[in-house]
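Since the structure comes first, as structure tokens, the remarks are kept for the end.
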Amino acid sequence: MNIFSFIAHFDSEETCRNHFKAERDKIGVNCKRCAHTSHYWIKSKWSYECKKCRSRTSLRSGTIMQSSNLSFLVWYKTMFLLTTTKKGFSSKEIQNQLGLKRYEPVWAMVHKLRKAMGNRDARYTLEGMIEMDEGYFTVEASEIEKNKGVRGRGAAGKSNVAIMAESTVLEDINTGKAQRQCGFFKAKVLENHKAEGINQTIQESIKDTSIVFTDKSTSYIDIADFVELHYTEKSDKQTTIETLKSVHITISNAKRNLPGNYHKIKGKYLQLYLNEFVYKLNRRYFEDKLFDRLVIANITGL
Ligand SMILES: [Zn+2]
């Protein structure tokens, strides 16, 4: 969807609401009290009423918009902005574009959308051949860290992120050249650089029938316990252009994208920015369908 078709489609609060309701009806509503799935629609209240227990669910309730005072139109414009470019927008830019007075509600809205993107992707577990490596991302040091004056690896100002990619090597029939085909990606901020954090990430993100490729870092010592096979290769130029090519490209793209868009990233919010980056990466072939998918993530991503 480009800006002209967006404006033509979503010209008022009512259009957005009706669109949201139509999308929510397609997915279905679960009663909060009794989990029943059949409801009446009470137009005057913009609410569903459970046919079994009569409990009411507003159109926003149960979606990521549930506690927001911002209009559907503002949410829709924001979802459009977030999905319309590869690059992304900061909350400050969105506030300016939308001409809103207060920054905080915009910031909260954008972070909720990023959280929903992460929750949506968390439903999928990686499988097959997986490349994995870690990247160090620059983040703003917290006040405590600044006061301590900690320096060095794993200290203030750096956050460690595990990047994983489904990657299959296919041979071209005509040329015999090996080509890499990538599927889904995941990026997870690690609490520490030790095996414990890696083990947890592997179990949460990758199916146990997978084959995992990494370098020889000591934090990867237990990976074989959680997957079918674990191959390690010494980290050098060759692994960068071959075995771990996809994750290395993704790490450098993310490192360029994030600071380019957002002025300063606090360590505790890094995962949210990565959610958005990976969500779009995983839907790189969706093109104009990306906006529609984000509306669905809004409904189901709480
Ligand atoms: Zn009910």
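The values are calculated or read from the model by the stated rules, or taken from the named source; none is laboratory data. Computed from a predicted structure; not experimentally measured. Positions of Cβ are generated from backbone atoms using ideal geometry, with glycine treated the same way; all protein chains shown enter the neighbour counts. When the accessible area is computed, the model is the full protein with side chains, heavy atoms only, and any ligands, DNA or RNA have been set aside. Shrake-Rupley method; radii C 1.70, N 1.55, O 1.52, S 1.80 Å.
What the table shows:
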quantity	calculated
Subset tally (residues that are open to solvent by 40 Å² or more (accessible area, probe 1.4 Å) and within 13 Å of the ligand (Cβ to nearest atom)) for segment 24-37	7
Hits in segment 24-33 - residues which are assigned to a loop (DSSP other than H, G, I, E, B) and not β-branched (Val, Ile, Thr)	Gly28, Asn30, Cys31, Lys32, Arg33
Residue check, Leu274 touching a strand residue (DSSP E or B) at 6+ places or on another chain (Cβ under 9 Å) and either open to solvent by 80 Å² or more (accessible area, probe 1.4 Å) or at pLDDT 95 or above (or both)	yes
Verdict on Ile202 being surrounded by 15 or more Cβ atoms within 10 Å (Cβ to Cβ) and under 21 Å from Asp121 (Cβ atoms)	yes
Residue among Met65, Met79, Met109, Met117 that alone is in contact with a Phe, Trp or Tyr (Cβ under 9 Å, 6 or more places away or on another chain), part of a loop (DSSP other than H, G, I, E, B) and open to solvent by less than 60 Å² (accessible area, probe 1.4 Å)	Met65
Residues within segment 178-194 that are farther than 17 Å from Met117 by Cβ and touching a strand residue (DSSP E or B) at 6+ places or on another chain (Cβ under 7 Å), tallied	8
Any hit, segment 13-23, residues being more than 16 Å from the ligand (Cβ to nearest atom), part of a loop (DSSP other than H, G, I, E, B) and open to solvent by 20 Å² or more (accessible area, probe 1.4 Å)	no
Glu196 being buried (at least 20 other Cβ atoms within 10 Å of the Cβ) and either modelled with pLDDT of 95 or more or part of a helix (DSSP H, G or I) (or both)	no
Residues satisfying the stated conditions in segment 1-50, i.e. of a type in the set (Asp, Glu) and without any contact (Cβ under 8 Å) to a residue 40 or more places away in the chain	Asp11, Glu14, Asp25, Glu49
Residue under evaluation Gln95, criteria (1) over 30 Å from Tyr285 (Cβ atoms); (2) at pLDDT 95 or above; (3) assigned to a helix (DSSP H, G or I); (4) open to solvent by 20 Å² or more (accessible area, probe 1.4 Å), criterion not met	(4)
Pair list, Cβ < 9 Å and 6+ apart or interchain, from segment 215-229 residues that are free of Cβ contacts under 8 Å to residues at least 24 places away in the same chain and outside any helix (DSSP H, G or I) to residues that are surrounded by 15 or more Cβ atoms within 10 Å (Cβ to Cβ) and not basic (Lys, Arg)	Lys216/Thr232; Lys216/Ser235; Glu228/Ser210; Glu228/Val212; Leu229/Ser210; Leu229/Val212
Conditions (1) surrounded by 13 or more Cβ atoms within 10 Å (Cβ to Cβ); (2) more than 16 Å from the ligand (Cβ to nearest atom); number of the one not met by Ile7	(1)
Sole exception among (1) farther than 19 Å from Ile296 by Cα; (2) assigned to a loop (DSSP other than H, G, I, E, B); (3) more than 16 Å from the ligand (Cβ to nearest atom) for Ser44, by number	(2)
Matching residues in segment 165-190 - criterion: being polar (S, T, N, Q) and either open to solvent by less than 30 Å² (accessible area, probe 1.4 Å) or within 25 Å of Gly267 (Cβ to Cβ) (or both)	Ser167
Conditions (1) hydrophobic (A, V, I, L, M, F, W, C); (2) modelled with pLDDT of 95 or more; (3) open to solvent by 20 Å² or more (accessible area, probe 1.4 Å); number of the one not met by Ala141	(2)
Sole exception among (1) over 30 Å from Cys182 (Cβ atoms); (2) open to solvent by less than 60 Å² (accessible area, probe 1.4 Å) for Glu104, by number	(2)
Which numbered condition Cys53 fails, given (1) more than 30 Å from Arg256 (Cβ to Cβ); (2) more than 16 Å from the ligand (Cβ to nearest atom)	(2)
Criterion (within 16 Å of the ligand (Cβ to nearest atom) and small (Gly, Ala, Ser)) met by exactly one of Ser71, Ser91, Ser67, Ser58	Ser58
Yes/no for Thr209 being assigned to a loop (DSSP other than H, G, I, E, B), surrounded by fewer than 12 Cβ atoms within 10 Å (Cβ to Cβ) and within 27 Å of the chain's Cα centre (by Cα)	yes
